[in-house]
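In what follows, a structure is listed as C-alpha cells, so that the remarks can point back to it.
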Amino acid sequence: DHQKDRPQNILKLYASQKNSSHRDGDEHGDPPPPPPPPPPRRVRPPHRPDVDPSALPLGHRRGAARPPPPPPPRRARSPLEAPLRPRAVPPDGRAAASAARHVAGAGPGEVSIRIVAPGEAGTSSERPEEVIVEEEEEDGHATRTRPEDPSPAAGGGEGGRESSSSYQRYDIQQVARWVEQILPFSLLLLVVFIRQHLQGFFVTIWIAAVMFKSNDILRKQTALKRERKIPVLVGITILFVVHVSGFYWCYKNGDLIRPLMMLPPKEIPPFWHAIFIILVNDTMVRQTAMVVKCLLLMYYKNSRGRSYRRQGQMLTIVEYFLLLYRALLPTPVWYRFFLNKEYGSLFSSLTTGLYLTFKLTSVVEKVQSFLTALRALSHKDFHCGSYATSEQVAVAGDLCAICQEKMHVPILLRCKHVFCEDCVSEWFERERTCPLCRALVKPADLRSFGDGSTSLFFQLF
C-alpha cells in the first residue's frame, strides 16, 4: 500500500510548493507580467476621387476581390514511390481486362509502361516494339497515355546522328584492333617471303638504285650544255655498258635473254619468277637507252640554236621508242604464264586472249606517240613561233629576257615576245606559257624528254 500511495504523495508535495511560491511573490510585491501588445492596425490608402479605380493595382482597389492563392507545388515523387513496370499486351481480346486490372492495382501517382511485341494483334509491322506510358493521378485514374518510340529517330535528328556516329566509331575501333592483331603475323610472313627470295629481292633493289642514280647523272650532263666534258660522258657510257653486260652474264642460264628477243620462256615461270624477269629486263633496257642518250650528248656537245633543238627532239624520239619496246617486253612472259594447260585449255585460252586484247590497246597508244615524235623531228620551223627579223628584234630590244644577253637566233612567239632559241627551247621543256606574259604558247602535245630524263615507272604487264 505504501508503494501504491507514493505517486499521489509526490503530486501533493509539488502542488503545495507551487502555492507557497505564489504567496511569497505576492508578499514581496513582484509586479505582474505585462499584457501582450495589440495587433498591428491595417492602414488603408486615402480615397482619391480624381483617380480611376480601374487604373489602380488590384490590391489598392476598394472592394476588389483578392486573387486566389497559388496552388501548392506538387511534390516530386521518388523512383520508389512511382515505379515503372513493363508489361506486355496479351495477344487476344483479354488485353483490355488485363490493362484495367493493372491500372486498378497501381498506386496513386504511379507510371506504368506497356511493351507491345511485334507479333501481337493490333500492332504495325513498321514499329516492332512500342512502349506505352500511363500516368495516374492521386485518385487512381489514368490521365495520359502516350506511345514511346524506342528508335533513335524518336529523339530527333541529332540523336540519330549521334547514334550512327557512335556505331561508326565502334566499327573503326574494331577495324583498328583487327589490323593491330594481324600486323605482327603479316610482318612475320613478309620476313619469310624475303628469306625465300633473298637473292632476287636484293638484286631488284640494286638495279633500281643504279637506274635512279643513272637518270640523275644523265639529266645533269644534259643541263650542262656546252660545259659538259667528253671524257666524263665516255666514262659514264662505259660504266653503263659494263653494268648491263655483267648482269646478263651472271644470269646467262636463266630466262632473261629470250624475252628480249620477244620469245617466250622455255618453261612456264612461277608468278614471282615472272615478275623478277620483267623487272630486270625493264630496268636493263632503260639503262641501255641511257647509253644511247650519252652518245647523243657527245655528238651535240657544241650545239647551239637549231642543233640544240634537234638534240632535244632526238632524245624525245629515243625515249618514246624505249616506251614502245618496254610495252612489248612483258608480253612473251605473260603469254607463256597464262597459256598453262594445267588450268584447262578453255580457261587458259580465254585468259591469254583477254591479256592480248588489253595489251593491244596500250601498244597502239605507244605507237601513236612514237609516230608523233617522228613527225615533230621533220618540222624545220619552231613549233611555238617563227624566227624573228632584224626589224622585230630592234623593236623588242636586242636583249633576251631569260639569259640577259644579246639575242642569238631570236624567236618571235605568238604573243609577240622575242627570246633566244636556246633559252626559249629549254623553257618549253618544262612550261607551256610565255616567260613574260604567261600566255599559252605551246599546244598540249607530247611530253618532251629533251632534258635527258627517263620514265621511272616499271612496266609490269
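Read-outs: derived from the displayed coordinates by stated rules, not from any lab. Predicted model only: the values in this text are computed from it and were never measured. Every residue, glycine as well, gets a Cβ built from its backbone with ideal geometry; the counts of neighbours run over all protein chains shown.
Results, tabulated for the structure shown:
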| item | result |
| --- | --- |
| Around residue 334: net Lys/Arg minus Asp/Glu count, Cβ-Cβ under 15 Å | +1 |
| Stretchable slack from residue 266 to residue 175, in nm (0.36 nm times residue separation minus alpha-carbon distance) | 28.2 nm |
| Rough spin-label spacing in nm, given labels placed 7 Å along Cα→Cβ, for residue 440 and residue 357 | 3.7 nm |
| Rg over Rh [alpha-carbon atoms, Kirkwood Rh] for segment 191-290 | 1.06 |
| Two-decimal ratio, segment 205-359, of alpha-carbon radius of gyration to 2.2 N^0.38 Å | 1.28 |
| Pairwise FRET efficiency - residue 460 versus residue 414, Cβ, R0 = 60 Å, nearest 0.05 | 0.90 |
| Full-stretch length increase - residue 216, residue 447 - with 0.36 nm per residue and alpha-carbon distance subtracted | 81.3 nm |
| Lysine pairs with alpha-carbon atoms under 28 Å apart, segment 356-430, spacing 8 or more or separate chains | 4 |
| Per DSSP, loop trypsin sites (Lys or Arg not before Pro) in segment 230-318 with at most 13 further Cβ within 10 Å | 252, 266 |
| Inter-probe distance in nm under a simple model that places probes 7 Å from Cα toward Cβ, at residue 197 and residue 234 | 4.2 nm |
| Residues 365, 319, 391, 426 arranged by fewest to most Cβ contacts within 10 Å | 391, 365, 426, 319 |
| Per-selection metrics, segment 319-461 (Cα): Rg and Dmax in Å | 23.1, 77 |
